[in-house]
1. Determine the per residue accessible area of the chain with all protein chains present and a 1.4 angstrom probe, expressed in square angstrom.
2. With a ≥ b ≥ c the root eigenvalues of the C-alpha gyration tensor of the chain, is it rounded (a/c under 1.5), prolate (a/b larger than b/c) or oblate?
3. In terms of solvent-accessible area of protein heavy atoms at a 1.4 angstrom probe, what is the ranking of K61, K177, K251, K218, highest value first?
4. Report, in deg cm²/dmol and to the nearest 500, the calculated mean residue ellipticity at 222 nm for the chain, where each DSSP H run with n ≥ 4 adds -39500 (n - 2.57) and the sum is divided by the residue count.
5. Distance between the C-alpha centers of region 140-163 and region 62-134? Whole Å please.
6. Where the Cα atoms of region 182-241 are projected onto their three principal axes, how long is each span, largest first, in whole Å?
7. Through the Karplus equation 6.51 cos²θ - 1.76 cosθ + 1.60, θ set to phi - 60°, convert the phi angles of region 66-83 into ³J(HN,Hα) values in whole Hz; use x for Gly and Pro.
8. Report the calculated FRET efficiency for T166 and L75 (r = Cβ-Cβ distance, R0 = 30 Å), to the nearest 0.05.
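The values are calculated or read from the model by the stated rules, or taken from the named source; none is laboratory data. All values derive from a computational prediction rather than experimental measurement. Positions of Cβ are generated from backbone atoms using ideal geometry, with glycine treated the same way; all protein chains shown enter the neighbour counts. Ligands, DNA and RNA are stripped out before the accessible areas are found, and what is left, the full protein with its side chains, is counted by its heavy atoms. Shrake-Rupley method; radii C 1.70, N 1.55, O 1.52, S 1.80 Å.
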Amino acid sequence: MTAETVAVARVRPLGGALGLRHLITPLAVCAALAALYTWIGTVELDSIERRSLNRTVILTKAVEHIQMTLVATALVVVIAIPLGIVASRARNRLITPVILTAANLGQAVPCIGLLVLCTFLMGVGFQTALVGLVAYAVLPVLRNTMIGVQQVDPALIEAARGMGMTRGQILRRVELKLAVPAILAGLRTALVLTVGVATLGAFVAAGGFGELIINGLKLNRMPVTVVGAVLTACIAFAVDWLGALAENLLKPRGM
């Protein structure tokens, strides 16, 4: 194998991940943003709309929205993946229904109702919004982790034991590694859910694009509502695109 062949072989996975079909989403997001910018430029805004749709406000809301999404997703990873591993074990069959029921409740209870309840206990703010977001997004990651670990071929686990691996090594090097595609699929779903639900953070003064949407509706300012909604959708599509790239790049070879 020549040096050029080795270089091509190393680059190929990244090239495959960034193929033409993976450029459709970012191009669509850019087109939507350009169309929104052009449309807003043609609309005559009043003083209220100009205060809501200036660069400083939109950047602040974008940072708040992305911050809520990322922190909530990080907490979901810390909570859901260990619980998914616990629930995947046959010896834990008595507590598995309890874990799944609690995760199902988090998604079954309306997020806005949960935020109201949390407001009585924690007051308003960023931390209250996080509770609702985490409760809503735990289930996809937990269930996919459980299923991903359970679907690992038992023969591979036996082979790993035969090689002298400990339980921890089998979990890290075999089970979790082979469950990566399922876990990432759940994480991708959770991210998109979180971006959408983060708009409800405006009801507990957590910021984000939800404030633009709600203020636009309350004040009957359609441009403000449309900008908040389109920017939220663009973030959701961008996050989903990044998740798809991560799935392709981190998927074990041969799967």
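1. On the way: 14380 Å² over 255 residues.
Accessible area per residue: 56 Å².
2. It is oblate, given that a/c is not under 1.5 and a/b is not larger than b/c.
3. Details: K61 30, K177 120, K251 80, K218 150 Å².
Largest accessible area first, the list is K218, K177, K251, K61.
4. Details: 12 runs with 198 residues, N = 255.
Mean residue ellipticity at 222 nm (helix-derived): -26000 deg cm²/dmol.
5. After rounding, the separation between the Cα centres reads 24 Å.
6. Principal-axis extents of region 182-241 (Cα, largest first): 44, 22, 11 Å.
7. 5, 4, 4, 5, 5, 5, 5, 5, 4, 5, 4, 4, 5, 8, 7, 5, x, 5
8. Working: r = 29 Å, r/R0 = 0.96.
Step by step, r from the Cβ atoms, then E = 0.55.
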